[in-house]
Number of protein chains: 2
Amino acid sequence: MGSNERRERAKEETRRRILDAARELFASEGADAVTMRRIAERIEYTPTAIYVHFKDKLALLRELMTSDLQVFAAHFASVAAVEDPIERMCTMGHAYVDFALTHPNHYRLLFITTLPIPKTELTPAAGTGSPEEDAYTMLELVVGAALASGRLRPEHTDLPLLCQTVWSCMHGVASLAISMRCHAEFEWRPVSDITAMTLQCMVRGLVRDGDPYLSTLGAHP
Amino acid sequence: MGSNERRERAKEETRRRILDAARELFASEGADAVTMRRIAERIEYTPTAIYVHFKDKLALLRELMTSDLQVFAAHFASVAAVEDPIERMCTMGHAYVDFALTHPNHYRLLFITTLPIPKTELTPAAGTGSPEEDAYTMLELVVGAALASGRLRPEHTDLPLLCQTVWSCMHGVASLAISMRCHAEFEWRPVSDITAMTLQCMVRGLVRDGDPYLSTLGAHP
DNA sequence: CCGCTTAGTTAACGCCGTTAACCGAATTAA
DNA sequence: TTAATTCGGTTAACGGCGTTAACTAAGCGG
């Protein structure tokens with residue numbers, strides 16, 4: 001009988017509806033609004049019904065995270081098109097901060113909130129590895145290309161160190177902007193300015209003197 | 001009668017004990033452990049007793065924050081002693097990350113968790129302004145000295161932009177290190193290396209070519 | 001038709017922050 | 001000295017949270 005398959009599809013459907021409800025709640029009202037009871041209320045189920053599909057709230061959030069990581073990764077689709085490897089790196093930086101500010105709740109969940117994530121439970125069935133690794137892999141690809149171009153200073157050879165440094169700085173711009181949005185007592189410069197400034201400094205610190213990309217940054221009289 | 005004063009002192013004492021208990025709980029077990037009930041349990045009071053001294057949990061945390069900000073600011077005491085203004089900036093950066101990693105819970109509360117803080121309620125009686133502004137003022141002082149030294153590239157003139165860029169990068173190193181501590185799937189470089197790398201790049205992006213401080217970074221063959 | 005699996009419900013537990021009503025000791029005033 | 005008042009602290013309770021155990025009922029295979 002194919003009816004068993006239909007049952008399975010229905011279960012999958014319910015599971016998806018739970019995730020969608022959680023995502024909507026999360027995106028519109030923030031992390032505090034994501035409650036087992038409110039999720040259940042949205043899909044007109046009992047809170048305990050969720051436990052049929054997910055071990056607990058953490059498992060639910062973890063799965064939400066992995067699917068959001070794919071959205072995150074997709075945000076960098078256009079980056080690969082940039083020809084110049086140095087410029088590509090900067091474009092990626094801007095895209096990173098842009099994602100964080102347009103989806104602050106998602107960014108929080110992905111990179112600010114520390115969920116105790118037992119990675120071993122993440123299904124490695126996806127083949128290439130976890131999406132988080134994939135996003136990091138994209139970074140490694142872009143920074144690696146800059147490194148391979150031979151335009152970086154000779155003392156820069158440690159690719160992981162380079163990636164983590166760049167990531168840290170971009171994360172700093174993004175997360176500080178998100179965290180400190182309300183604090184009006186500082187005269188905050190536009191985030192795009194801080195992003196540009198950061199990338200400009202980083203690039204100058206990374207590439208050799210006289211690199212062609214530097215001349216596009218600011219014409220020094 | 002002085003007995004009234006004694007009563008007031010006793011109240012102040014209880015208030016202090018509440019804050020201390022909250023701080024200990026927070027430092028040793030993290031934010032989740034800071035519960036009105038657990039705080040009360042520590043000082044052998046009823047949870048509701050806390051409400052005699054603090055409007056609600058948020059007010060308590062806010063006050064905890066301001067006192068911790070003073071500890072934070074004190075962490076930079078030695079920075080002022082560094083002669084060279086560029087080196088001073090780097091020393092401050094290292095001290096910043098060092099504070100974040102040795103007091104991760106405090107750092108979280110201060111700069112990662114976004115508490116809805118109505119600053120208007122913060123007593124401006126301290127005179128100089130809020131401690132948070134003071135820490136920021138210290139940053140402005142240090143970066144301002146670098147700017148005033150005339151050793152920065154001529155295109156860098158916007159002090160707030162400079163401060164916020166430097167702060168963002170250091171916050172990025174610190175907070176990413178805190179958030180991602182558990183994720184062992186990346187081969188993380190030591191945080192001190194990332195800090196040094198970040199500062200090195202920032203400095204090279206900020207100061208003019210041929211600045212004496214650059215030669216102390218890495219001798220290029 | 002019968003027994004089994006299973007999506008979903010009911011009821012409850014122990015936590016949480018917070019409030020209203022109350023208590024009792026110390027201070028003040030008569 | 002005694003009555004009134006202040007106020008630090010307690011008791012009991014409310015509504016909300018994540019989660020569990022026990023149960024219901026529908027659909028499947030034999």
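Data table
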read-out	value
Qualifying positions in region B:173-197 - among the β-branched types (V, I, T) and either within 7 Å of chain A (Cβ to nearest Cβ) or surrounded by 23 or more Cβ atoms within 10 Å (Cβ to Cβ) (or both)	B:V173, B:I194, B:T195
Test: residue in region B:161-172 that is surrounded by fewer than 23 Cβ atoms within 10 Å (Cβ to Cβ) and without any contact (Cβ under 8 Å) to a residue 24 or more places away in the chain	yes
Failed item, numbered, when B:I43 is tested on (1) surrounded by 14 or more Cβ atoms within 10 Å (Cβ to Cβ); (2) within 16 Å of DNA strand D (Cβ to nearest atom); (3) within 14 Å of another protein chain (Cβ to nearest Cβ)	(3)
Enumeration of residues in region B:46-86 that are surrounded by fewer than 15 Cβ atoms within 10 Å (Cβ to Cβ), more than 16 Å from DNA strand D (Cβ to nearest atom) and acidic (D, E)	B:E83
Residue in region A:18-31 that is touching a residue at least 12 places away in the same chain (Cβ under 8 Å) and either acidic (D, E) or under 30 Å from A:L214 (Cβ atoms) (or both) present	yes
Evaluation of B:R181 against (1) among the charged types (D, E, K, R); (2) modelled with pLDDT of 95 or more; (3) under 25 Å from B:A31 (Cβ atoms) (one fails), failing number	(2)
Check on A:R6, within 13 Å of DNA strand D (Cβ to nearest atom), open to solvent by 50 Å² or more (accessible area, probe 1.4 Å), out of contact with any strand residue (DSSP E or B) (no Cβ under 7 Å at 6 or more places or on another chain) and not assigned by TED's automatic domain parsing to the domain that holds A:H103	yes
Selected residue (criterion: nearest to A:L109 (Cα to Cα)) from residues of region A:32-55 that are within 9 Å of DNA strand C (Cβ to nearest atom) and small (G, A, S)	A:A40
Helices (runs of 4 or more DSSP H) completely within region A:1-115 that count 1 or more residues being closer than 30 Å to A:R151 by Cα	A:57-74, A:85-102
Enumeration of residues in region B:200-216 that are more than 7 Å from chain A (Cβ to nearest Cβ) and open to solvent by 10 Å² or more (accessible area, probe 1.4 Å)	B:R208, B:G210, B:D211, B:P212, B:Y213, B:L214, B:S215, B:T216
Residues of region A:11-31 classified as within 12 Å of DNA strand C (Cβ to nearest atom) and open to solvent by 90 Å² or more (accessible area, probe 1.4 Å), total	3
Subset of region B:169-211 [of a type outside the set (A, V, I, L, M, F, W, C) and farther than 30 Å from B:P154 by Cβ]	B:S175, B:S179, B:R181, B:H183, B:E185, B:E187, B:R189, B:P190, B:S192, B:D193
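The values are calculated or read from the model by the stated rules, or taken from the named source; none is laboratory data. All values reported here derive from a predicted model rather than from experimental measurement. So basically every Cβ, Gly included, is an ideal-geometry build from the backbone, and we count neighbours across all protein chains shown. With ligands, DNA and RNA removed, areas are computed over all heavy atoms of the protein, side chains included. Shrake-Rupley method; radii C 1.70, N 1.55, O 1.52, S 1.80 Å.
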